[in-house]
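Let me begin by presenting the structure, written as structure tokens, before commenting on it.
Since every read-out is calculated from the coordinates, none of them should be taken as a lab result. Remember, predicted model here, so these are calculated numbers, not experimental data. Note: ideal-geometry Cβ built from the backbone for every residue, glycine included; neighbour counts use all protein chains shown.
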Amino acid sequence: MSFFDEPSSNDARQQPKKSWGLIFTGVSVVGLLLAMYLPAPYVIERPGPTFNVLGQSESKDIITVEGARTYKTEGNLNLLTVSVVGNREQTPDWIELLLAWLDPAQSVLPLDQVFPPSLTQEEVSAESTAMMELSQQEAIAVALTELGYEVPMNVYVSAVLKEAPASGILVAGDIVTSVNGAPVSDIDVLRNLVGAYDGVNPLEIGILRKGSSLTKEIVPVRDEAEGGEYRMGVSVGYQFDFPIDVKLELGSVGGPSGGMMFALGIYDKLTPGALTGGKFIAGTGTISAGGAVGPIGGVQQKMYAAKRDGAQYFLAPAENCDEIIGNIPEGLRVFKVETFDDALSAVSKIGTNAGLEALPVCSTK
């Protein structure tokens, strides 16, 4: 005779619930495992390392000058960076993305926004390096001009795109002097003059080629990827003739956003005393050869990087104010700037601890 326990009516009711509970747990575990390994079309921006342009990086002075007297200084003028987690070969997993979404110091961005599908990783890196080099040249020009040096500057063609309107007409090395008779003083002026094309008559482009003045006719085309603006299909840069030798060394950091801080650092090294008054100031912003401070990406991450590394004050481009309002880390004072003169004034006032209340800030008013 066999003996066994008959389940009670209560046990019988609990059995299906236990089974559903096990199924739910199993599905959850599988879901979590998939979330850990399935690719995601996003990358994460995090606060990156910061660099005091008045100091050293990898045991080398970031700013060195030959041909002019330099002065001992102190304090911090920190250039800021953003670290990107992920690329086209390997993106963050969904758990990392969720944690980043919940962290105000991090941002989650579409992969294509950071790494355009039309460019390889090598091309993205090369473009970033080129932007940093141009930014450094402009920073030197701005600082030296502020100090009273004469800095001759030309806009030159660095490359001509294949099958572009300028292909076969302009060549690398041409110096662009005018558009329809209007002088070209900087890249922004050239861009605006070409952008104002009437769509009918060819543009007359004045150039210098191997010392000879020439005029070339070009019919620009609309670049739909750039909002339908007219383009000639050339890459341009600046050719400066600096009266003194200024070198900027910062390892593998790329992009143009350090321009303003480089210019401030050069100015400080070439003037007596400490511009910062020993204070810890950080900042970010592109710089044009004319001294305009432009917007940058990742400003929120850069504010957190500045606060993390000990900055008390932060200089930010006025055009980034929409991203700054409501996102300032506690204990960090942020001042907005539009020009190099604005930035210079802000650092001087912070250094002397005078007139800070009068400095412009980002506001909703």
**Report entry** Projected-area mean, the chain, by convex hull of Cα positions, square nanometres
**Finding:** 30.7
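Given Cβ point charges of +1 (Lys, Arg) and -1 (Asp, Glu) and nothing else, what value in debye, to the nearest 20, does the dipole of the range 182-310 about its Cα centre take? Please report the intermediate quantities before stating the final value.
Numbers: 12 positive and 14 negative charges, 96 e Å.
Roughly 460 debye for the range 182-310.
Give the residue list of GluC sites (Glu not before Pro) in the range 262-340 that are DSSP loop and have at most 13 other beta-carbon atoms within 10 angstrom.
On the way: sites: Glu319, Glu323, Glu330, Glu338; in loops: Glu330, Glu338.
Sites meeting the loop and neighbour criteria: Glu330.
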Report summary line: Placing one equal point scatterer on each C-alpha of the range 221-365 and summing with Debye, one gets log10 I(q)/I(0) at q = 0.14, 0.20 Å⁻¹ equal to -0.75, -1.31
Report summary line: With +1 on the Cβ of every Lys and Arg and -1 on the Cβ of every Asp and Glu, the dipole magnitude of the chain about its Cα centre, in debye rounded to the nearest 20, is 600
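Please compute the Kirkwood hydrodynamic radius over the range 93-214, one decimal place, Å, based on all pairs of different Cα atoms.
Numbers: mean 1/r = 0.0547 Å⁻¹.
One over the average 1/r among Cα pairs gives 18.3 Å for the range 93-214.
Can you give the local net charge around Ile205? Use residues other than it whose beta-carbon is closer than 10 angstrom to its beta-carbon, Lys and Arg +1, Asp and Glu -1. Walk me through the intermediate numbers first.
Working: positive: Lys216; negative: Asp174, Glu204, Glu217.
Charge balance near Ile205 sits at -2.
How charged is the neighbourhood of Ile44? Take every other residue with its Cβ under 11 Å from the Cβ of Ile44, and add Lys/Arg as +1 and Asp/Glu as -1. Show your work: numbers first, answer last.
Working: positive: Arg46; negative: Glu45, Asp93, Glu96, Asp103.
Summing Lys and Arg as +1 and Asp and Glu as -1 gives -3.
What is the Rg over Rh value, at two decimals, for the range 298-344, using alpha-carbon atoms and the Kirkwood definition of Rh? Spell out each step's value before the answer.
Details: Rg = 10.2 Å, Rh = 10.8 Å.
For the range 298-344, the value is 0.94.
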Report summary line: Summing -39500 (n - 2.57) over every DSSP H run of at least 4 in the chain, dividing by its residue total and rounding to the nearest 500, the 222 nm mean residue ellipticity is -10000 deg cm²/dmol
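Relative contact order of the range 215-318, please, whole-number percent, based on alpha carbon pairs below 8 angstrom and at least 6 residues apart.
The normalised contact order for the range 215-318 reaches 20 percent.
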Query raised in the report: Stretch Asp61-Ile95 to full length: gain in nm at 0.36 nm per residue minus the Cα-Cα span?
Result: 8.2 nm
Report summary line: the range 152-286 -> Rg/Rh from Cα coords, Kirkwood Rh, value 1.08
Query raised in the report: Between Val219 and Glu163, 0.36 nm times their residue separation minus their Cα-Cα distance comes to what?
Result: 18.9 nm
